[in-house]
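One structure is given below, encoded as C-alpha cells.
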Amino acid sequence: MRWSSALLLVLVLAAGCADGRTVAIGDVPVAVESVTTTPDASTGSFRVDCGRNESRHLNADNMVIAPGQRFGAHHTHEYVGNLSTNADSTDASLAAAGTTCPADDRSTYYWPVLRLTDRTGHDEHAPGGGVHGNTGEVLPPSSVEVTFTGSPVSHVVPMPRFLRAITGDPAALNTGRGRVRWSCTGFEDRRTDRYPECGRGSMVLRTFEFPSCWDGRTTDSPSHRAHLDFPASNGVCRPGSFPVPKLTVRVAYDVPAGRPYAIDSFPDQRHDPRTDHAMFVNVMPVELMDRVTTCLNTGQTCR
C-alpha cells in the first residue's frame, strides 16, 4: 500500500511522540542560569498588557521578513498590539492604526499560530493554512505576557521608533539558528526545544526572548537581523552596539490532555518545534519608550 506524503504527515502529527518531537515536562532537566549583575545593572521590569488577540487578528503575512508580499509567510501568524499589521504595513500605516495595547503603544507583536492537529481548521483550503500544509484547528492563547527588562551589566538606551526585531528562525532546520524555549506553566525552570507534554492544570508555554544589542544606527538591515544582536552569555553587548530594553513575550495555551498539537511552519520545516519564532516592530510613542527605559534603569517594577 502506498501512502501520500500529506497523509503520512497527519499520521506522524497524530502519533505525538512517535517522531521524537514531544517530551514529558517532568523528563526535561531543570535549567541552570547564572548571570552576574554589576552595580550598573538595569534591574527594573515594564509590563505591557496587550490582550491575547481576542479579535483574532490572523494572516499569512510577515511585514518584517517579506514586506509587500501577501501570504509571504507561507504559514499563519497571530498578533497582539497593532490592529492593522499585514504585508502592506509601513511605518506610517502602523503609526496611524489602532492598537490592543494601552498608553498608545501601537507596536506589533506576532508569532506562528498553534494548532490542534487532529481537527479540521477554518482555513483548510486557504493560503497560510491547508494550501501551505498547515492543517488543524487554531488554538487561541489563554494568556499573552509582554515584558521589557534591562541589562545585567549596564543601563539601557531607548529603542528607536520603528525598530524591527526577530527571534528564532522559521528555517531553523536548514540554518541551525533556532532559539526556542518551550515549557509548561508551573515548570518554567524546565526548558526544551521539543513540544512539551504538560500535566493536569498546566498549560503549554512558549517564551520568545528578543535580541537587545542595537547597532545605534538603523532600524532594519538587509538580513533583518544584523542591526540587532543578542548579548554574550555574560550579558555584555559586542563593541559598537548598545543595550536596549530586552523584550520577552510569553504565550500560554490550554491544550486538552492527550491532544496532538504543532505550530505552523514553512512546508519544508515540517512543523518542527525548533522553528518557532516571533517578530516585533516598536511603535511606542517616544515618551512611552523613555518611561520604559527610566523604569528599567532605576530598578522599578512598572506596568
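The values are calculated or read from the model by the stated rules, or taken from the named source; none is laboratory data. Computed from a predicted model, the values in this text were never measured in an experiment. Neighbour counts are summed over all protein chains in view; Cβ atoms, including those assigned to glycine, are modelled from backbone coordinates with ideal geometry.
A few remarks follow.
- Lone qualifier among 36, 43 - being modelled with pLDDT of 95 or more, closer than 30 Å to residue 234 by Cβ, part of a loop (DSSP other than H, G, I, E, B) and not hydrophobic (A, V, I, L, M, F, W, C): 43
- Qualifying residues in region 208-233 (those that are polar (S, T, N, Q) and surrounded by 11 or more Cβ atoms within 10 Å (Cβ to Cβ)) - the one nearest to residue 193 (Cα to Cα): 212
- Summed over region 148-159, the residues that are assigned to a loop (DSSP other than H, G, I, E, B) and either touching a strand residue (DSSP E or B) at 6+ places or on another chain (Cβ under 9 Å) or within 11 Å of residue 283 (Cβ to Cβ) (or both) give a count of 8.
- Boolean, residue 206 is under 26 Å from residue 26 (Cα atoms), assigned to a strand (DSSP E or B), touching a strand residue (DSSP E or B) at 6+ places or on another chain (Cβ under 6 Å) and basic (Lys, Arg): yes
- Members of region 25-66 that are of a type in the set (Val, Ile, Thr) and surrounded by 12 or more Cβ atoms within 10 Å (Cβ to Cβ): 25, 28, 35, 37, 38, 43, 48, 64, 65
- Yes/no for residue 179 being in a loop (DSSP other than H, G, I, E, B), more than 18 Å from the chain's Cα centre (by Cα) and among the charged types (D, E, K, R): no
- Residues in region 173-203 that are out of contact with any strand residue (DSSP E or B) (no Cβ under 8 Å at 6 or more places or on another chain), under 15 Å from residue 273 (Cβ atoms) and in contact (Cβ under 8 Å) with a residue 40 or more places away in the chain: 173 only.
- Pairing residues of region 217-242 that are on the phi < 0 side of the Ramachandran plot and modelled with pLDDT under 95 with residues that are crowded, with 17+ Cβ neighbours inside 10 Å and in a loop (DSSP other than H, G, I, E, B), at Cβ distances under 6 Å and at least 6 apart in sequence or on separate chains, gives no pairs at all.
- Scanning region 160-176 for residues that are assigned to a loop (DSSP other than H, G, I, E, B) and at positive phi returns 162, 176.
- A count restricted to region 275-303 and to residues that are more than 23 Å from residue 95 (Cα to Cα) and of a type in the set (A, V, I, L, M) stands at 1.
- Residue list for region 90-104, filter: acidic (Asp, Glu) and either touching a helix residue (DSSP H, G or I) at 6+ places or on another chain (Cβ under 6 Å) or within 17 Å of residue 62 (Cβ to Cβ) (or both): 91
- Test result for residue 249, in contact with a Phe, Trp or Tyr (Cβ under 6 Å, 6 or more places away or on another chain), of a type in the set (A, V, I, L, M) and under 21 Å from residue 109 (Cβ atoms): yes
- Members of region 107-134 that are surrounded by fewer than 23 Cβ atoms within 10 Å (Cβ to Cβ) and either hydroxyl-bearing (Ser, Thr, Tyr) or over 22 Å from residue 272 (Cβ atoms) (or both): 117, 120, 122, 125, 126
- Among residues of region 213-255 being basic (Lys, Arg) and closer than 22 Å to residue 65 by Cβ, the one that is farthest from the chain's Cα centre (by Cα) is 217.
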